[in-house]
Amino acid sequence: MRAAFAVFLGLLLLLAPFGQSAEAGKSLMSGDFAQDTVSVAKSLKETIAIPDDSNDRLEAKDEALELITAYISRYRNRPQVNGTTSFTTMQTALNAMAGHYKTFSTRPIPEKLKDRLNKELSRAEKIVVKEV
């Protein structure tokens, strides 16, 4: 009886993972550098435009950080992309925004930084369209 139970338990442990569906996390990036750059820039500009007294600001901050991480992780180590002007401009803006959010998590983005981020994100959008 013990041997049968041990065999049954062994088979159960071996086959149990195959019975579950594996769900990979949905990637935020499509893989098309130009399209991703434009969509990330637009999304972040919308986040920047959220009023400082809005209840949605903290949730939008978390989503922005997730988007920034996904973008940088996807394209930082790709030599065909990471040397382009559009990527370096985007990276500068993303680093500034993420740095503010991580250092001053409860403070809204100052107007001077908002202006700079909007300019850099708009510039990256324009440049990436020309590079393609």
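Computed from Cα atoms, the angle from the helix 85-103 axis to the main principal axis of the chain rounds to 80 degrees.
Based on other C-beta atoms within 10 Å, arrange ASP53, ASP62 from fewest to most.
Values: ASP53 7, ASP62 11.
Ascending Cβ contact count within 10 Å gives the list ASP53, ASP62.
Taking N as the residue count of the chain, its C-alpha radius of gyration divided by 2.2 N^0.38 Å amounts to 1.55.
Can you tell me, using C-alpha contacts under 8 Å and at least 6 residues apart, the relative contact order of the chain as a whole percent? Don't skip to the answer; put the middle values down first.
Details: 82 pairs, mean separation 41.1, N = 132.
Computed value for the chain: 31 percent relative contact order.
Ordered by the count of other Cβ atoms within 10 Å of each Cβ, fewest first, ARG76, ARG2, ARG57 give ARG2, ARG76, ARG57. Only helical runs count toward this figure. For the chain, summing -39,500 (n - 2.57) over DSSP H runs of n ≥ 4 and dividing by all residues gives -24500 deg cm²/dmol at 222 nm. Among THR84, THR103, THR69, the largest mean-square fluctuation in a Gaussian network model of the chain (Cα springs under 10 Å) belongs to THR103. Excluding same-chain residues fewer than 8 positions from LYS102, which lysines have a Cα within less than 30 Å of its Cα? Result set, ordered by chain and number: LYS26, LYS42, LYS45, LYS61, LYS112, LYS114, LYS119, LYS126.
Read-outs: derived from the displayed coordinates by stated rules, not from any lab. Just so it is clear, the structure is predicted and the values come from calculations on it, not from any experiment. Virtual Cβ from ideal backbone geometry, glycine too; neighbours counted across all protein chains shown.
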